[in-house]
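> Below is one structure. I have some questions about it.
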Amino acid sequence: RGVRPTTRSVLVFEVVSVCLILVLMGVISWRLSAGTAPGGQRWSGAVFALPPGTGLSALTLAATSGFLAFAGFESAGSLGEESVAPTRMIPRAIITAVAFGAVFYVACIVVQTLGFGTGAAGVSAFRHSQAPLGELARRYVGSPLAALLDLGAVLSALGAGLGGVTVAARMMFAFGRDGLAARRLGAVSAATGVPRRALAAEMLIGLVLLTAFRLAGTPALNVFFYLATIGTLSLLVMYILTNVAAARHLGRRSPVQLVPAVAGVLIAGFVLYHNVWPVPPVPYQFLPYLVLGWLLAGLVLTAVISRSGPAPGR
């Protein structure tokens, strides 16, 4: 129906989910402080200590989850052409998302870890839980809040899906409009301004992928991690290239401004390296090759279009 109802819907879904999570976090924190947690857990600094024997490769591989948690803030840039005062609103949206996520995600994971317990049994329960917030809600509050959190998770997933579809459809629309893809993808609805054909193509791709996983009998959680790993590896490459571009641009103004860009390249590159080496277990060991093939296809396509196709924007 248009970008305005989509963005408002995503915002409402996420606000509801965050509020429900905050209620659970408050209850868990209160019971930890009062010493009435189900397993006798209390506040402990052990949540910030690495278990003995944890290697650097394991730590950096786990950092993928951290990157995945933050992934998506850059999607605000895809709406630059449709936002009011984009040079002010897009940076504000990106900074707000990163700042809020930094506080909320860390606080949430700390409370969840302490809620399950930092002992071997608690860590194992957290590790094997497919819905940790719902399980904690049942332990600390009761089934009604657990059901609401499950609903919140569904709404949050729907919001994430809407966000992904919105970004992908706008990217395909831009490619079609600029002659980098089929021109038909560059058409928009006269009534809503939505790139309908690009949107239909994106939805069809998602439907085919999920149907194929379903027919293959792949568990839902594995589907999430397969696609999320592919997305995270791709994002890491994108973060590296973005920081390289920023270094080239900012370095002309002042060498001091090179520091954050270079640091970004090193951090993202380090995590990317340790996600492909040591070689992860099957089937994750094949996913980097899939991402590499996708990137190489993009490079080849770019080279072909730059030589024979029309210039962007014409």
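> Which number in (1) surrounded by 17 or more Cβ atoms within 10 Å (Cβ to Cβ); (2) more than 25 Å from the chain's Cα centre (by Cα) marks the one condition that R248 misses?
(1)
> Conditions: (1) part of a helix (DSSP H, G or I); (2) closer than 26 Å to A157 by Cα. R31 meets all but one. Number of the miss?
Here R31 meets the rest and fails (2).
> Which condition from (1) in contact with a helix residue (DSSP H, G or I) (Cβ under 8 Å, 6 or more places away or on another chain); (2) closer than 18 Å to G80 by Cα is the one that T192 breaks?
(1)
> Report whether or not P278 is in a loop (DSSP other than H, G, I, E, B), open to solvent by 40 Å² or more (accessible area, probe 1.4 Å), farther than 21 Å from G163 by Cα and of a type outside the set (F, W, Y).
yes
> Still on this structure: If E82 satisfies all but one of (1) outside any loop (DSSP other than H, G, I, E, B); (2) under 24 Å from the mean Cα position of the chain (by Cα); (3) surrounded by 12 or more Cβ atoms within 10 Å (Cβ to Cβ), what's the number of the condition it fails?
(1)
> Being over 19 Å from L133 (Cα atoms) and touching a Leu at 6+ places or on another chain (Cβ under 7 Å) narrows it down to one of S9, S83, so name that one.
Exactly one of S9, S83 is over 19 Å from L133 (Cα atoms) and touching a Leu at 6+ places or on another chain (Cβ under 7 Å), namely S9.
> Can you spot a residue in segment 68-75 that is outside any helix (DSSP H, G or I) and within 22 Å of Y284 (Cβ to Cβ)?
yes
> Something else about it: Take the conditions open to solvent by 40 Å² or more (accessible area, probe 1.4 Å) and either of a type in the set (K, R) or in contact (Cβ under 8 Å) with a residue 60 or more places away in the chain (or both) and apply them to T113. Does it pass?
When the stated conditions are applied, T113 does not pass them.
Yes/no matrix, rows are residues, columns are (1) open to solvent by 60 Å² or more (accessible area, probe 1.4 Å); (2) under 26 Å from Q285 (Cβ atoms); (3) among the aliphatic types (A, V, I, L, M); (4) at pLDDT 90 or above:
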| site | (1), (2), (3), (4) |
| --- | --- |
| A137 | no, no, yes, yes |
| L149 | no, no, yes, no |
| A157 | yes, no, yes, no |
| R184 | yes, no, no, no |
| A190 | yes, no, yes, no |
| L207 | yes, no, yes, yes |
| L227 | yes, yes, yes, no |
| G231 | no, yes, no, no |
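> Being small (G, A, S), under 23 Å from the mean Cα position of the chain (by Cα) and open to solvent by 50 Å² or more (accessible area, probe 1.4 Å) is true for just one of A69, A93, A49, A62. Which residue is that?
Numbers: A69 fails: open to solvent by 50 Å² or more (accessible area, probe 1.4 Å); A93 fails: open to solvent by 50 Å² or more (accessible area, probe 1.4 Å); A49 fails: under 23 Å from the mean Cα position of the chain (by Cα).
Just one listed residue meets the conditions, A62.
> Turning to a different aspect of this structure: So, T87, is that one within 17 Å of G45 (Cα to Cα), at pLDDT 85 or above and polar (S, T, N, Q) or not?
no
> I would also like to ask the following. So, of the residues in segment 219-264 that are of a type outside the set (G, A, S) and not in a helix (DSSP H, G or I), which turns out to be nearest to Y289 (Cα to Cα)?
This residue is P219.
> Identify the single condition in (1) more than 19 Å from L155 (Cα to Cα); (2) in a helix (DSSP H, G or I) that G40 does not satisfy, given that it satisfies every other one.
(2)
> Under 7 Å by Cβ, and 6 or more places apart or on different chains, what pairs join a residue from segment 156-185 that is small (G, A, S) with one that is not in a helix (DSSP H, G or I)?
G163/G72; A169/P195; G176/A182; G179/G309; G179/P310
The values are calculated or read from the model by the stated rules, or taken from the named source; none is laboratory data. Because the structure is predicted, anything quoted here is derived from the model rather than measured. Cβ: placed from backbone, ideal geometry, glycine included. Neighbour counts: every protein chain shown. With ligands, DNA and RNA removed, areas are computed over all heavy atoms of the protein, side chains included. Shrake-Rupley method; radii C 1.70, N 1.55, O 1.52, S 1.80 Å.
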